[in-house]
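Participant: A single structure is presented below for examination.
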Amino acid sequence: MTAPIHPQPGIMEIALYQGGASRIDGQSNPLKLSSNENPFGCSKKASDAISDAALNVHRYPSTDHASLREAIAEVHTLDPERIICGVGSDELLTLLAMAYAGPGDEVLYTEHGFSMYRIFALSAGATPVVAPEHNRTVDVDEIIARITPATRLIYIANPANPTGTALGNDALARLADAVPGSCLLVLDGAYAEFFDGYDGGVSLIEAHPNVVMTRTFSKLYGLGGLRVGWAYARQEVIDVLNRVRGPFNLSTVALAGAESAMRDRRFVELCLKNNAEQRVRLVGGLNQLGIACDPSHANFVLARFADEEEALAADAHLKRSGILVRLVKGYGFADALRITVGTADDVSRVLAALSEFKGST
Ligand SMILES: *Cc1c(COP(=O)(O)O)cnc(C)c1O
């Protein structure tokens, strides 16, 4: 008998990712505010491009993504050669860990950081290290205090999920200055567009060889189902990622849809305007009901209740009202619910349901 086959060390420590709920028993069309999706769907131009591209799926897709990278570069005023596109930003965040960290290395992220960071670290065989946050906000000094010679990657989502809080340019610059050259600082910009005045880290990338930013089409662009993200960094980092990604990682359909979505700036402006307006309404309405909520810089808010029992009761009441939100116990917030900012009507429905809930307790 030979020894049984084993996966790489660390892999069996990974718990399966739990996505936002999408069904309520007995309700045919729930209002889904559990995954930070775009309440308006995607741009009509993008869905038309997707339909057209579907006629050509017998052809292999482009391997260099040149046309999508050109569109991204034009809109964001970036060098197209230093953009890489991936199957969601998840793929690029994974490839960064695979390419730069391994057994014996440390991957650092924060207490309430995105649950995938631990998975990326363990998949690469590296050791996850967690820095505490304060007041549900990333703390630069706590991160700096945990950097060791073994630290290879630091993941920070800015704005952060599920808190919606964000670090300003000065705090990020202070962190970037303190990260040694042997370690990459990865700024996950899944919600960067919703943070007014934030460039996603572009200026830091120009000043530091070891800063990387990732962006996605899944949130603002309403294309979570299409799976497209991108990253920007110094050429050396992009060249490394291009070596390890699959040559046909993005389908013809995905490339066409993402490019049209990027070029439809009118739709993007409309979505951003709605989010800014309705986020203020949602936070204000929650506060009026005595539900605490930090100022959010994303397309969701973290609503904090008295305790876990009240949060679960509120979740159950929302479900009875046909509304799905996200439980965030796994992120260290048993007493809170993450609620995606929807349309004006969506926000009215959430506030009406929670007002009913508060009135009945
Ligand atoms: C949604 C999300 C992502 C990535 O999503 P993709 O769909 O893979 O692009 C990355 N980071 C955070 C913090 C997110 O919330």
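Every read-out reported here was derived from the displayed coordinates using simple, explicitly stated rules and does not represent laboratory data. Note that this is a predicted model, so its numbers are computed, not measured. All Cβ positions, glycine included, derive from the backbone under ideal geometry; neighbour counts span all protein chains shown.
Participant: Quickly work out the A66-to-H134 label distance, labels modelled 7 Å from Cα along the C-beta direction, and quote it in nm with one decimal.
Facilitator: Reported label-point gap for H134 and A66 is 5.1 nm.
Participant: Also: Any chance you could run the full-extension gain for D170 through S360? It's 0.36 nm times the residue separation minus the Cα-Cα distance, nm to one decimal.
Facilitator: Values: separation 190, 0.36 × 190 = 68.40 nm, distance 4.50 nm.
Difference between extended and current length: 63.9 nm.
Participant: Now for a separate question. Looking at S51, A97, L78, which one has the Cα that reaches farthest to the positive end of the dipole of the range 1-152 (charges on Cβ: Lys, Arg +1; Asp, Glu -1)?
Facilitator: S51
Participant: Please report the spacing between the Cα centers of the range 21-50 and the range 214-275 in Å, no decimals.
Facilitator: 18 Å
Participant: Follow-up. With a Förster radius of 51 Å, plug the Cβ-Cβ distance of E309 and F248 into 1/(1 + (r/R0)^6) and report the FRET value to the nearest 0.05. Show your work: numbers first, answer last.
Facilitator: Values: r = 50 Å, r/R0 = 0.97.
Given R0 = 51 Å and the Cβ-Cβ separation, E is 0.55.
Participant: What is the fewest-to-most order of R118, R338 by other Cβ atoms lying within 10 Å of their Cβ? Walk me through the intermediate numbers first.
Facilitator: On the way: R118 18, R338 25.
By the 10 Å Cβ count, ascending, the order reads R118, R338.
Participant: If we sort 69-82, 271-284, 19-32 on the protection proxy, mean other Cβ atoms within 10 Å, highest first, what's the order? Working shown, then result.
Facilitator: Details: 69-82: 15.4, 271-284: 17.6, 19-32: 12.8.
Listed from highest to lowest mean packing, they are 271-284, 69-82, 19-32.
Participant: Can I ask one more? At a 10 angstrom cut-off on C-beta neighbours, averaged per residue, how do the peptides 58-68, 161-171, 2-12, 245-255 rank from highest to lowest? Write out the running numbers ahead of the final one.
Facilitator: Values: 58-68: 14.3, 161-171: 20.2, 2-12: 8.9, 245-255: 18.0.
Result, highest mean Cβ count within 10 Å first: 161-171, 245-255, 58-68, 2-12.
Participant: Distance check, please: which entries in K44/K219; K219/K319; K273/K329; K219/K358 exceed 20 angstrom between their Cα atoms?
Facilitator: Values: K44/K219 16 Å; K219/K319 23 Å; K273/K329 31 Å; K219/K358 30 Å.
Those over the limit are K219/K319; K273/K329; K219/K358.
Participant: Tell me, in nm to one decimal, what length is gained between K329 and M12 on full extension, where the rule is 0.36 nm per residue of separation less the Cα-Cα distance?
Facilitator: On the way: separation 317, 0.36 × 317 = 114.12 nm, distance 2.16 nm.
Between K329 and M12, full extension yields an extra 112.0 nm.
Participant: Continuing with the same structure: How much of the DSSP beta bridge set in the range 1-151 is antiparallel, as a percent to the nearest 5?
Facilitator: Working: 2 of 8 bridges.
Given both bridge residues lie in the range 1-151, the antiparallel proportion sits at roughly 25 percent.
Participant: As I understand it, the dipole of the chain uses +1 on the Cβ of Lys and Arg and -1 on the Cβ of Asp and Glu, about the Cα centre. Which of P61, A334, L187 lies farthest toward its positive end?
Facilitator: P61
Participant: When the C-alpha atoms of the chain are aligned to their principal axes, what extent does each axis show, in angstrom, from largest down?
Facilitator: Dimensions of the chain along the principal axes of its Cα atoms: 58, 58, 50 Å.
Participant: Multiplying the sequence separation of E81 and I144 by 0.36 nm and subtracting their Cα-Cα distance, what value in nm do you get? Don't jump to the answer; show the numbers that get you there.
Facilitator: Numbers: separation 63, 0.36 × 63 = 22.68 nm, distance 3.13 nm.
Difference between extended and current length: 19.5 nm.
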